[in-house]
Amino acid sequence: MGGRGIVRALVVASALVAGLGALAVQAQDSSYYGPRLIEERARIPAQNGRTIAATVLRPDAQGPFGAVILNHGVSASARERARESSDLLINAAAVFARRGYVVVMPLRRGFGATGGEMAEDPGSCSNPDYRSAEANAADDVMAAYDYARSLPYVDGNRMMLAGQSAGGMVALYTAGTRQPQGLQAVLAFAAGRGGDPDINPGIPCAIEPVARIFDMIGKSIRVPVLMNYAENDLFFSPKVSRQWYERLNASWTDAEYALQPAFGKDGHYLFGDTLGVRYWLPTVETFLARHSILFARLDATDPDRAPLLALDRVPNIKSDACKSLYRAFLESPGPRAYAVSGDGRCGFAGGLQDARDVAMKQCGNVARSNCMLYAVDDAVIWKDTIAGQGAATPER
């Protein structure tokens with residue numbers, strides 16, 4: 001069922017048998033679908049009498065649930081750091097919340113509503129002090145971690161650390177150096193420090209000092225690790241990210257490296273993008289299943305939801321592109337729509353008032369036969385579409 005607005009991404013896309021074209025823009029507000037979620041603001045006690053601001057996104061149910069501490073990156077701009085919020089991670093957070101996790105998104109010192117001076121500046125590129133920077137950031141992450149474990153609806157033995165960019169780096173550092181109680185896994189997306197896509201695309205400064213941090217993490221971490229990157233990450237090229245992974249993996253073999261296809265103009269931002277879920281979600285599902293960590297949608301066994309959630313019921317589509325795009329549809333904000341054609345093409349729009357028209361247009365741009373709406377918002381309307389056009393139901 002639809003709920004109150006939490007997700008703010010507008011997405012339109014069309015998929016061919018082996019390809020996808022997409023455009024993402026921002027909107028003020030939209031509704032979400034699936035298990036009901038609650039979004040809250042919190043002030044979390046931290047060291048020396050400080051507090052840090054956080055957004056909490058959780059299922060609207062009793063629990064107990066697992067929890068994910070989801071950590072943001074670091075902008076080089078002080079102005080951007082002052083404007084930091086949960087907006088860039090809220091789409092990804094909703095994916096975890098729909099699967100029975102309380103997601104805590106802390107704003108570390110010097111960011112957004114937490115304010116104050118940034119405590120994780122490593123200094124100059126020629127002589128960076130990443131160990132002190134990560135240690136200071138980890139203090140704030142641990143404050144959020146301990147807060148999450150104290151919540152009455154959280155199972156403190158089902159914890160994960162996750163993050164994007166510098167947030168992924170501090171998630172790994174926290175897991176390795178603090179070894180938090182109850183931690184089950186670390187999910188690091190585009191993890192690293194020192195990237196500058198404008199000056200040196202793909203080649204961060206101080207590659208070796210960061211690699212030494214990965215050495216240290218590998219020697220002390222004790223939980224499974226997933227390091228997820230994209231081919232066209234303009235902060236950390238695959239050559240660099242694989243080197244960092246290999247340094248960690250040299251001492252800790254329960255770590256996996258995943259390289260996703262090129263995504264948009266800069267794959268560094270794949271994780272926070274609604275369309276990016278079509279790549280990272282299957283990887284995360286496989287990784288967590290391998291380690292027997294629960295990660296199923298809360299509504300997966302609801303018979304009323306079966307028609308919408310069943311990918312094998314979507315007619316005509318056989319390509320991986322359209323199948324993965326339907327998964328993105330299921331995780332997207334609304335209004336949303338998904339259209340299919342008789343020759344296996346598809347189109348999708350999310351977070352748009354005219355989602356139906358846009359999905360049909362996106363499908364029509366790549367199809368050689370007529371497109372029809374399959375699902376709109378939270379319901380399959382395929383039969384209604386067929387009836388309205390006076391056509392026979394296609395084979396499934």
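Any read-out appearing in this document is the output of simple, stated calculations on the displayed coordinates, not a laboratory observation. Quick caveat: nothing in here was measured; it's all calculated off a predicted structure. No Cβ is skipped: glycine too gets one built from the backbone with ideal geometry, and neighbour counts run over all protein chains shown.
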Among Phe111, Leu294, Gly168, which residue has its Cα furthest toward the positive end of the charge dipole of the chain, with +1 on Lys/Arg Cβ and -1 on Asp/Glu Cβ?
Leu294
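Under a Cβ-only charge scheme (Lys and Arg +1, Asp and Glu -1), can you give me the dipole magnitude of the chain about the Cα centre, in debye to the nearest 20?
Details: 41 positive and 41 negative charges, 81 e Å.
It works out to roughly 380 debye.
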Could you calculate the contour length gain from Ser292 to Ser369, that is, 0.36 nm times the residue separation minus the distance between their Cα atoms, to one decimal place in nm?
23.4 nm
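Quick check: residue separation of Asp343 and Ala262 times 0.36 nm, minus the Cα distance between them. What number comes out in nm? Please list the in-between numbers first.
Working: separation 81, 0.36 × 81 = 29.16 nm, distance 2.58 nm.
Here the answer is 26.6 nm.
For the chain, what proportion of DSSP beta bridges, expressed in % and rounded to the nearest 5, is antiparallel? Can you show the working numbers first?
Numbers: 39 of 65 bridges.
Around 60 percent of the beta bridges assigned by DSSP in the chain are antiparallel ones.
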For Cα pairs less than 8 Å apart in space and 6+ apart in sequence, what is the mean separation divided by the residue count of segment 137-236, i.e. the relative contact order in percent?
28
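Within 10 Å, count the other beta carbons around each residue, average over each peptide in 92-105, 132-145, 67-80, 237-250, and list them highest first. Present the calculation step by step, with values, prior to reporting the outcome.
Values: 92-105: 25.6, 132-145: 22.5, 67-80: 20.4, 237-250: 18.8.
With the highest mean Cβ count within 10 Å placed first, the list reads 92-105, 132-145, 67-80, 237-250.
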Gln47/Asp129 FRET efficiency (R0 25 Å; Cβ-Cβ; nearest 0.05)
0.85
Would you mind working out the magnitude of the charge dipole of segment 61-154 relative to its Cα centre, with +1 at each Lys and Arg C-beta and -1 at each Asp and Glu C-beta, to the nearest 20 Debye?
380
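Quote the relative contact order of the chain in percent (integer), defining contacts as alpha-carbon pairs under 8 Å separated by 6+ residues. Can you show the working numbers first?
On the way: 946 pairs, mean separation 67.0, N = 396.
The normalised contact order for the chain reaches 17 percent.
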Return the calculated 222 nm mean residue ellipticity for the chain, to the nearest 500 deg cm²/dmol, obtained by summing -39500 (n - 2.57) across DSSP H runs with n ≥ 4 and dividing by the residue count.
-9500 deg cm²/dmol
Toward the positive end of the charge dipole of segment 207-259, about the Cα centre and with charges on Cβ (Lys, Arg +1; Asp, Glu -1), which of Val210, Ala258, Tyr245 goes farthest?
Val210
If one builds a Gaussian network model of the chain from Cα atoms under 10 Å apart, the most fluctuating residue listed among Ser369, Ser126, Ser85 is Ser126
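Which of the peptides 34-47, 340-353 is most tightly packed, and how do the rest follow, judged by the mean count of other Cβ atoms within 10 Å per residue? If you can, show how the numbers build up before the last one.
Numbers: 34-47: 16.8, 340-353: 24.1.
Taking the mean over residues of other Cβ atoms within 10 Å, the ranking is 340-353, 34-47.
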Using the Cβ atoms and a cut-off under 10 Å, what net charge is assigned to the surroundings of Ala211, where Lys and Arg are +1 and Asp and Glu are -1?
-1
Looking only at aspartates and glutamates whose Cα falls under 19 Å of Lys318's and that sit 8 or more positions away or on another chain, we get Asp343, Glu395
Radius, Kirkwood style, for segment 54-163 when every pair of distinct Cα atoms is counted (Å):
14.6
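Between Ser220 and Ala78, take the C-beta separation as r, use R0 = 56 Å, and let me know the FRET efficiency to the nearest 0.05. Can you show the working numbers first?
On the way: r = 32 Å, r/R0 = 0.58.
Once rounded, the FRET efficiency stands at 0.95.
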Nearest 0.05, what FRET efficiency do Ala119 and Glu285 give at R0 = 56 Å with Cβ-Cβ as r?
0.95
Quick P(r) readout (the chain; Cα-Cα; 10 Å bins; whole %) gives 5, 23, 32, 24, 12, 3, 0, 0
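Express in nm, to one decimal, how much length is gained between Ala310 and Ile199 on full extension, taking 0.36 nm for each residue of separation and deducting their alpha carbon distance. Don't skip to the answer; put the middle values down first.
Numbers: separation 111, 0.36 × 111 = 39.96 nm, distance 4.54 nm.
Full extension from Ala310 to Ile199 adds 35.4 nm.
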Name the helices (complete DSSP H segments) of the chain with a Cα length along the long axis of 15 Å or more and a Kyte-Doolittle mean of at least -1.0, or state none.
130-150, 166-178, 207-220, 277-290, 320-331, 355-366
